[in-house]
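First up is the structure itself, then whatever we jot down about it.
The values are calculated or read from the model by the stated rules, or taken from the named source; none is laboratory data. Everything quoted here is computed from the prediction, not taken from an experiment. All Cβ positions, glycine included, derive from the backbone under ideal geometry; neighbour counts span all protein chains shown. Ligands, DNA and RNA are stripped out before the accessible areas are found, and what is left, the full protein with its side chains, is counted by its heavy atoms. Shrake-Rupley method; radii C 1.70, N 1.55, O 1.52, S 1.80 Å.
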Amino acid sequence: FGLRGKKWLGDHVALGATLVDESRDTQDYRLGGADLTLQAGRGSFIKFEYAQTEATQSARYYSTDGGLSFTTLNPLAATSSADDRSGEAFGVEARMNLRERGLTRRDATVAAWWNRTDEQFAVARRDEGFDVDRMGLEASGALSERIKLALRATTIERGGIRPGVAATVDQVSMQ
């Protein structure tokens, strides 16, 4: 089963909580999380998030030969030690609506974010088996009634792909 709740304490503070508890034949899975949102106005906020998982959400496989054979990407999913697996994730997101704050006459927003998942954190879409840090900046706005511009820069750093080696991916996009 799963539960998600969020409660606004006035106009500027919200507390949220998430719980997922799955009982399965091979192993039980649990995810718990909490978040705090501090909102200055519509579209302007900072949000802090924390989550913890126990066990593995699902096995992930990869094929290098077109599907003739597969390798398990999260090998702990296939062993009894998967029940002992526990991981954490942290995140911070800040976003500002510049028009709402009175800084521009046209729609415009800026945002920054950072999140980290440790090597044992496991959700269905993210179970990499190594520490991952993601951070980014974005800005978007209307230059005129017909022209809008969006910019985004993201950095993803993956640790532990090979012992002592980290990989960093940088991406910049404009629309």
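Numbers at a glance
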read-out	value
Using a Förster distance of 30 Å, the FRET efficiency for Ala167-Tyr50 (Cβ separation, nearest 0.05)	0.75
Solvent-accessible surface (1.4 angstrom probe) belonging to Val92, in square angstrom, nearest 10	50 Å²
Per-residue HN-Hα couplings for the range 131-143 [Karplus 6.51, -1.76, 1.60; θ = phi - 60°; Hz; x = Gly/Pro]	5, 9, 10, 10, 8, x, 10, 8, 8, 8, x, 8, 7
Extended-chain gain in nm, criterion 0.36 nm per residue less alpha-carbon gap, Thr72 and Glu100	5.2 nm
Estimated FRET transfer efficiency when R0 is 30 angstrom, pair Leu15-Leu149 (beta carbons, to 0.05)	0.30
Solvent-accessible heavy-atom area per residue, rounded to whole Å², over the range 1-66 at 1.4 Å	63 Å²
Straight-distance crosslink candidates among aspartates and glutamates, where the alpha carbon sits under 19 Å from Lys148 and sequence neighbours closer than 8 are dropped	Glu100, Asp107, Glu138
Leu38 paired with Met174, simple spin-label distance in nm, labels 7 Å along Cα-to-beta-carbon	3.4 nm
